[in-house]
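In what follows, a single structure is set out as structure tokens and then discussed.
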């Protein structure tokens, strides 16, 4: 395993040191790097994009749900889920049928082939997770997961304020469009 140390040429200004401790930046950087790698792996191995892969995961955990529920779980808009679902249907990885309880809704589920592909996706996903978490002890992974669950629960409150009011009511720093 590679030793973690200062990279040659790493910024040492106070702002750069602060950025390295800024949790939203770190989460975004980790997310971007993981998403980029996942996209390459899943496209190469399965010919599927991230939204399709994530939707398959949701359908494997919570089968027979409307696209609106899948969008809610995934944190994306319904149009993205509908496009991904259409792609899965074309490849015969998912089925969509009317909801007997609500004729306005359509229910989605993985097909037999979709469940097979999803199990292969999970092999790749678990290997990526194993490699990501390799530097950590089990107790650290449990603690990290607990912290991330708490952060996820509070994420919906992050934008529950008025930034203009926070800045004193004016449009300070606003860019003219």
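Side notes on the structure shown:
- Among the residues of region 89-104, those identified as in contact with a strand residue (DSSP E or B) (Cβ under 7 Å, 6 or more places away or on another chain) and either part of a loop (DSSP other than H, G, I, E, B) or touching a residue at least 40 places away in the same chain (Cβ under 8 Å) (or both) are 93, 99.
- For region 64-73, filtered to residues that are under 20 Å from residue 113 (Cβ atoms) and not in a helix (DSSP H, G or I), the residue that is farthest from the chain's Cα centre (by Cα) is 64.
- The set of residues in region 117-155 that are under 18 Å from residue 33 (Cβ atoms) and in a loop (DSSP other than H, G, I, E, B) comprises 134, 135, 136.
- Any hit, region 101-117, residues being under 24 Å from residue 27 (Cβ atoms) and touching a helix residue (DSSP H, G or I) at 6+ places or on another chain (Cβ under 6 Å): no
- Residue 93 satisfies every condition listed in (1) modelled with pLDDT of 95 or more; (2) farther than 11 Å from residue 59 by Cβ; (3) surrounded by 13 or more Cβ atoms within 10 Å (Cβ to Cβ) except (2).
- All positions within region 41-63 that are outside any helix (DSSP H, G or I) and either surrounded by fewer than 14 Cβ atoms within 10 Å (Cβ to Cβ) or modelled with pLDDT under 95 (or both): 47, 49, 62, 63
- Verdict on residue 76 being under 20 Å from the mean Cα position of the chain (by Cα), in a loop (DSSP other than H, G, I, E, B) and touching a residue at least 12 places away in the same chain (Cβ under 8 Å): yes
- Which numbered condition residue 107 misses (of (1) free of Cβ contacts under 8 Å to residues at least 60 places away in the same chain; (2) surrounded by 17 or more Cβ atoms within 10 Å (Cβ to Cβ); (3) part of a helix (DSSP H, G or I)): (3)
- Of the residues making up region 123-135, those that are under 20 Å from the mean Cα position of the chain (by Cα) and either surrounded by 16 or more Cβ atoms within 10 Å (Cβ to Cβ) or in contact (Cβ under 8 Å) with a residue 12 or more places away in the chain (or both) are 124, 125, 128, 132.
The values are calculated or read from the model by the stated rules, or taken from the named source; none is laboratory data. As the structure is a prediction and not an experimental result, all values here were calculated from the model. When we count neighbours, we look across all protein chains shown, and the Cβ atoms used for this are built from the backbone with ideal geometry, even at glycine.
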